[in-house]
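Comments concern the structure below.
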Amino acid sequence: MSILVYIESNQNQIKKSSFESLSYAKKLSKLISLDVIAVVINCSELAPLSDFGPDKIISINEKKLETFNAHNYADVISNVSKSVSAKNIIISDSINCKYLASLLSVKLDAAFVSNVVSLPNSTNPFVVKRSTFSNKAFCDIEINSEIRILSISKNSIGLNENKSEPIIINPDINFTESKLTSESIKVSEEKVSIEDADVVVSAGRGLKGPENWNIVEDLAKTLNAATACSKPVSDMGWRPHSEHVGQTGKPVSTNLYIAIGISGAIQHLAGVSSSKVKVVINNDPEAPFFKVADYGIVGDAFEVVPKLNEKLKAFQAENN
Amino acid sequence: MKILVCISCVPDTTSKINFKNNDTEFDNSQIQYIINPNDEFGLTRAVWFKENDGAEIDVVSVGLDNNDQILRKALAIGADSAFRINQEALDSFQVAKLLSAHISNNNYDLVIAGRESIDYNGGMVPGIIAEILNFNYVTNCVGLEITDSSAEIKREIEGGVETLTCKLPLIIGAQKGLVEESDLKIPNMRGIMQARQKPFEIIQGKTEETKTKTFKFEKPESNKEIKLVSPDNLDELIQYLHNEAKVI
Ligand SMILES: Cc1cc2nc3c(=O)[nH]c(=O)nc-3n(C[C@H](O)[C@H](O)[C@H](O)COP(=O)(O)OP(=O)(O)OC[C@H]3O[C@@H](n4cnc5c(N)ncnc54)[C@H](O)[C@@H]3O)c2cc1C
């Protein structure tokens, strides 16, 4: 029996969220005394994994798996899980992980619990905490199937370095090829994605119009942050839908969330409140966002944001 | 083409979430229920298939009779028949099993569910159905075109969009972008009147096993006091973020 961690990578670079999954697995292994096995698909840079303590790495290299396909990946991970009798499968909360996990759960007759934010409170029965009601609440959930898949909410566990010298094996794999074909993938290369970002700079209707977004983008650039927006901003076409965050947009759980000219409506807060540190910049001291933020500036975004950007640049110059 | 839209009945997005019985149950007093927003995008897309290609639309929901109003609304928006599987929804696995049984009895070409419900946020019902019934599955779906029996699907990925193709049958997890917010169909008087005449069937679900049990809720701790920084003293904010919060 073992704990299996599915490691995601992008162009040979392992994603930070996968290190977090591995950190979770390692902590879990202390509670239930099982080996931690990492499974990686088409990634040749495996060295960073050993900082997070896996006992074994199963490295799969297969041309047919070059492009992510949830059906194929679920099949491969299912076969690997069976081969190592994994009872616990740990993945991140990324779009692709969640996509494949529901398929995987049927293949393994496993329970799948998403948005997990804690180690188990008890391992027999197995109980974990997850976020629910779009981050408006948490719940304790008991898993009563023998095999479980847990997807770990970003930044909930954090990274925990733990050096190891894993054995690396390259097994042959079989899988049934899916009939779903990827035709094209379009990603904007230069921008940080909301899912991957440690810092998100988000702006709302207070910015008055799309022509004013340069101050948001400049600040985001300085902080190596992703840009996001409130729902009306994307509804009006000021910004692309992919930037819409909140209950009906993307969930954000980042280290630092900066809300500029966003009132803090309940639906907006629902999606972003699990971010660790929240800063609000708003000229209305009554804006609800002030009730949930850690730091706040009551002021005009058009003055504060460029000034903050300059100050941050000076700070970075000094500290590097 | 025969389409099924799976609809989850969720608390209105403005709802204050509270719990009762020692935090073991959701307190649904004073809660207004709505069609899960992700499902609503899917429903409007289905209605377009009906308007343009003559598709036939069924809607289905697993739940007790408080879901009926939501299904009637879906009929008023343009669905042709509604089904309610009369069983309390306990976990994603059970719901997906119940829906799978309905789907395999009805030969749908396309099944539309939401990417996730805004209450449970599980995001797994369509995937479980796909695997049980051996359907092609795409979630985070932001575009769907169907010609004859071939589908072209757009899926949101991190930082971009992927285009995929497959043959029907297909199940998707819908989200905003599949149709625009401004395109969402709102029931009109005529639709509401017609909905009363449309078939509405209640199916007795046969109990399915669950794999999980939610037994205790809690609300996030209310935030510690906010620290306000003057716009004239932004260095103070930078110091806070660096020394105290350690995020820059
Ligand atoms: C079903 C449903 C789902 C929804 N889902 C979401 C969701 O997922 N995400 C989401 O964001 N919203 C969602 N909403 C919308 C939500 O209710 C709010 O309408 C929305 O979040 C408000 O956006 P905003 O803060 O940008 O705009 P507003 O509420 O108009 O706020 C603008 C803010 O900018 C401030 N401001 C104005 N000028 C300046 C200035 N010069 N400098 C600084 N501040 C300034 C104002 O004081 C104000 O607080 C949803 C609504 C519904 C009904």
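Every read-out reported here was derived from the displayed coordinates using simple, explicitly stated rules and does not represent laboratory data. Since the structure is predicted, the reported quantities are computational estimates derived from the model, not experimental observations. Positions of Cβ are backbone-derived with ideal geometry, glycine not excepted, and every protein chain shown enters the neighbour counts.
Say the cut-off is 19 Å between C-alpha atoms; which of B:K16/B:K216; A:K276/B:K213; A:K30/A:K56 go over it? Those over the limit are A:K276/B:K213. Other residues within the sphere of radius under 12 Å centred on the Cβ of B:L4, judged by their own Cβ, net out at -4 (K and R +1, D and E -1). Under the definition of Cα pairs under 8 Å and six or more residues apart, what whole-number percent is the relative contact order of the range B:1-140? The value is 30 percent.
Reducing the range B:216-242 and the range B:170-209 to their Cα centroids gives an inter-centroid distance of 42 Å. With the simple spin-label model, which puts each label point 7 Å out from Cα in the Cβ direction, the A:K311 to B:R196 separation comes to 6.3 nm.
Normalised by the number of residues in chain A, the mean separation of alpha-carbon contacts (under 8 Å, six or more apart) gives a relative contact order of 14 percent.
Its Cα centre serving as origin, the range B:2-217 has a Cβ charge dipole (Lys and Arg +1, Asp and Glu -1) of approximately 380 debye.
For chain A, the Cβ-based charge dipole about the Cα centre amounts to some 580 debye (Lys, Arg positive; Asp, Glu negative; other atoms uncharged). Fewest neighbouring Cβ atoms within 10 Å first, the residues A:R130, B:R196, B:R115 line up as B:R196, A:R130, B:R115. Highest mean packing comes first when the peptides A:136-142, A:10-16 are listed by Cβ atoms within 10 Å, giving A:136-142, A:10-16. Here the simple spin-label model places points 7 Å from the Cα toward Cβ, and for A:S85 and B:Q32 these points are separated by 5.5 nm.
Under a model in which nothing but the beta-carbon of Lys, Arg (+1) and Asp, Glu (-1) is charged, the range B:151-212 shows a dipole of about 400 debye around its Cα centre. Highest mean first, the peptides B:142-153, A:84-95 sorted by other C-beta atoms within 10 Å per residue fall in the order A:84-95, B:142-153.
Counting only aspartates and glutamates at least 8 places from A:K163 when in the same chain, those with an alpha carbon closer than 19 Å to its own are A:E20, A:D35, A:E45, A:D51, A:D55. For peptide B:242-248, the mean count of partner chain Cβ atoms within 10 Å of a residue's Cβ comes to 6.
Averaged over the residues of B:127-136, the number of partner chain Cβ atoms lying within 10 Å of the residue Cβ comes to 5. For the segment A:106-113, counting C-beta atoms of other chains within 10 Å of every residue's C-beta and taking the mean gives 5.
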